[in-house]
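Please treat every number below as a calculation from the coordinates, not as lab data. Being a predicted model, the structure only gives us computed values, none of them experimental. Note: ideal-geometry Cβ built from the backbone for every residue, glycine included; neighbour counts use all protein chains shown.
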Amino acid sequence: MCAASLGVVPLSFASATSLGTLAAEKGLRLGASFSTGELDQAHGPSYARLYREHVHHITSELELKLAVLAPRPGARDFGPADRLFEYAERNGLAVRGHTLIWNDDIPDWVRALTKREVIQLLDGHIAAVMARYRGRVSSWDVVNEPIAPWDRQPGNLRNGPFLSALGVDYIARSFHVARAADATAELVLNEAQTESADENGQVFRDSLMGLLRDLKADGAPIDAIGLQAHLDSARPYDFPRFAGFIEEIAALDYKVLITELDVNDRAFANDIRERDAKVAEMYSAFLRSVLSVRAVTSVTFWQLADHTSWITYQARKAAPAALRRPRPLPFDENFAPKRAFYAIVEALTAMPPRS
Ligand code: XIL
């Protein structure tokens, strides 16, 4: 019987089993998002050790976002990003850069620009950031979350300064500028909310497929499609069907990356044992289906340990005194492996190798 289905956690397993090493044996790149801010907390050294042990790449969770690099017009602050690259290089980790162009999380000063200035910003920002870190980024999220049906724009595109200035062409243009700035980095279009078996998921899947077909026909230099996979206990899923959607993307000759995997446990029981079992089950079902598709070359978790998750930060902000804390990730607040960890180990062990 497997460890995940026994409710016991064999402690020796934890130090002996590295998620990154298991994945690498199958030709899969495994990583997690990383925040330099965590290094400044009391748990900083343990946080750094966990990443050293378990991942092969890190995704910058905040450090390369426009709102962090350029909260005000003028000179950019590369300090936090430089620190992330130094940590990665000291520890032999690759970096996925997140993210260059996003019609969300936009600093106010950008909203005051003319269309011409927005176009200059798009070209200049991509070129400057990619030139600074050229050769140090294995994979770039060039455009993030282009779809947002609630904005009611043609193609269900997300509204914002870049769409207003250039229409849908802002996407292809971003990839052309990125390719000119770095000839070898993997260029990724990253999208959210495609996973669920409900109306919302369907709209996202259909809109994304329409967009990808057009971008392909236009010859936009896109190497891979990132699917975020922020899974949610409150939504329905049909992961074998979702794997079929990934196959459709792969048929357009794109690689597929899972870029922001976590499980929001808000609709699961309060009881921790029961909740952890449900979260583990969701990781297991998701990974078994998704990893059966050979076009999936990389899986990135959105952080590794519960207390460093954006879900936990948001919950703490909303209700600082709440006793219930989210448990969305493979490691707990002591950086100890949970049932989700063992479910992930099993899925990696069972998956067919990439060729
Ligand atoms: C989130 C970070 O995790 C938070 O710390 C931050 O406050 C907001 O952004 N999709 C994305 C990521 O592409 O950039 C988001 O990251 C999570 C959803």
Report task. Could you rank the peptides 200-211, 314-325 by their average count of other C-beta atoms within 10 Å per residue, with the highest value first? Result -> 200-211, 314-325
Query raised in the report: Under 5 Å between amide H atoms, partner at least 5 residues away or on a different chain: which partners does Glu186 have, H built in plane at 1.01 Å?
Result: Ser139, Trp140
Report summary line: Once amide hydrogens are built 1.01 Å from N within the peptide plane, the residues lying 5 or more places from Gly31 or on another chain with amide H under 5 Å from its amide H are His56, His57, Val299, Thr300, Phe301
Report task. Only loop residues by DSSP count here, and only those with at most 14 other Cβ atoms within 10 Å; note down the trypsin sites (Lys or Arg not before Pro) in the stretch 145-174 that meet that. Result -> Arg152
Report task. Could you tell me what percent of the DSSP beta bridges with both partners in the chain are antiparallel, to the nearest 5? Result -> 10
Query raised in the report: So what J values fall out for the stretch 146-152 if you push phi through Karplus, 6.51 cos²θ - 1.76 cosθ + 1.60 with θ = phi - 60°, rounded to Hz, Gly and Pro as x?
Result: x, 9, 7, x, 5, 7, 6
Query raised in the report: After finding the eigenvalues of the alpha carbon gyration tensor for the stretch 177-284, what semi-axes result from the square roots of 5 times each, listed largest first in whole Å?
Result: 31, 15, 10
Report summary line: HN-Hα couplings for the stretch 256-265 via Karplus (6.51, -1.76, 1.60; θ = phi - 60°), in whole Hz with x for Gly/Pro, come out as 10, 10, 8, 10, 8, 6, 7, 10, 6, 8
Requested in this report: With a cut-off of 11 Å, note down the residues of the stretch 101-144 whose backbone N falls inside the zone around a label point 7 Å from the Cα of Asp169 toward its beta carbon.
Outcome: none
Report task. Name the most mobile residue of Pro337, Pro236, Pro161, meaning the one with the largest mean-square fluctuation, in a Gaussian network model of the chain with Cα contacts below 10 Å. Result -> Pro236
Requested in this report: Could you work out the Kirkwood radius for the chain, taking every pair of different alpha carbons, averaging 1/r and inverting it, reported in Å?
Outcome: 20.8
**Report entry** Degrees, to the nearest 10: 79-90 long Cα axis against longest axis of the chain
**Finding:** 50
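Please report, in whole Å³, the volume per residue of the convex hull around the C-alpha atoms of the stretch 241-355.
Output value, Cα hull per residue: 110 Å³.
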Requested in this report: Go through the stretch 49-59 residue by residue and turn each phi into a ³J(HN,Hα) via Karplus (6.51, -1.76, 1.60, θ = phi - 60°); whole Hz please, and just put x for glycine and proline.
Outcome: 5, 4, 5, 4, 6, 10, 10, 9, 9, 10, 9
Requested in this report: State whether the stretch 46-169 is rounded, prolate or oblate according to the following rule on the C-alpha gyration tensor (a ≥ b ≥ c being the square roots of its eigenvalues): a/c under 1.5 gives rounded; otherwise a/b larger than b/c gives prolate, and the remaining case gives oblate.
Outcome: prolate
Requested in this report: State the extension gain, in nm to one decimal, for the chain segment bounded by Ala24 and Leu252, taking 0.36 nm per residue of separation less the distance between their alpha-carbons.
Outcome: 79.5 nm
Query - Between 0 and 90°, nearest 10: helix 115-132 axis offset from the chain longest Cα axis - result: 50
Query raised in the report: Once amide H atoms are placed 1.01 Å from N in the peptide plane, what residues at a sequence separation of 5 or more from Asn264, or on another chain, have their amide H within under 5 Å of its amide H?
Result: Leu231, Asp232, Ser233
Report summary line: quick note, the stretch 230-355, DSSP beta bridge pairs, % antiparallel (nearest 5) is 10
Requested in this report: For Lys65, list the lysines whose Cα falls under 22 Å from its own Cα; do not include residues on the same chain fewer than 8 positions away.
Outcome: Lys115, Lys317
Report summary line: Tilt, helix 239-251 to longest principal axis of the chain (alpha-carbon atoms), in degrees rounded to tens, equals 40
